[in-house]
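The values are calculated or read from the model by the stated rules, or taken from the named source; none is laboratory data. On a predicted model such as this, the values are computed, not experimentally measured, just so you know. When we count neighbours, we look across all protein chains shown, and the Cβ atoms used for this are built from the backbone with ideal geometry, even at glycine.
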């Protein structure tokens, strides 16, 4: 199967940020679930960095039909949004410099 057939940004003509914006606008429950899960882990005394990929897998298990289209490319964008909304959580997530839009 080609990359274009997999629905990459090259096939859609959208950047990852644009794809994220569209997904997030149509699936606000995903962000609320990530926010709730991160808050629970921090309240439970999480001492290690919270992995957004791990939270994504939890969402896929808990909301199997409500997470359709959840792309692993969105993990960094969700982490940045969580930090923007909850600056006191900044140390809970490891961020890297973005290379692509």
Query raised in the report: Would you say residue 54 is surrounded by 10 or more Cβ atoms within 10 Å (Cβ to Cβ) and either closer than 25 Å to residue 13 by Cβ or touching a strand residue (DSSP E or B) at 6+ places or on another chain (Cβ under 7 Å) (or both)?
Result: no
Query raised in the report: Which of the helices (runs of 4 or more DSSP H) contained wholly in the chain include at least 1 residues that are in contact with a helix residue (DSSP H, G or I) (Cβ under 8 Å, 6 or more places away or on another chain) and modelled with pLDDT of 90 or more?
Result: 16-26, 28-43, 52-62, 75-85
Requested in this report: Output the qualifying pairs, or none if there are none: Cβ atoms under 9 angstrom, residues six or more apart or on different chains, first residue in the range 66-82 and on the phi < 0 side of the Ramachandran plot and without any contact (Cβ under 8 Å) to a residue 40 or more places away in the chain, second residue loosely packed, with under 14 Cβ neighbours inside 10 Å and not in a loop (DSSP other than H, G, I, E, B).
Outcome: 66/29; 72/53; 75/53
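Sort out which residues of the range 19-38 are more than 15 Å from residue 80 (Cα to Cα) and surrounded by fewer than 15 Cβ atoms within 10 Å (Cβ to Cβ), and write them in order of number.
Of everything in the range 19-38, those that are more than 15 Å from residue 80 (Cα to Cα) and surrounded by fewer than 15 Cβ atoms within 10 Å (Cβ to Cβ) turn out to be 22, 25, 26, 28, 29, 36.
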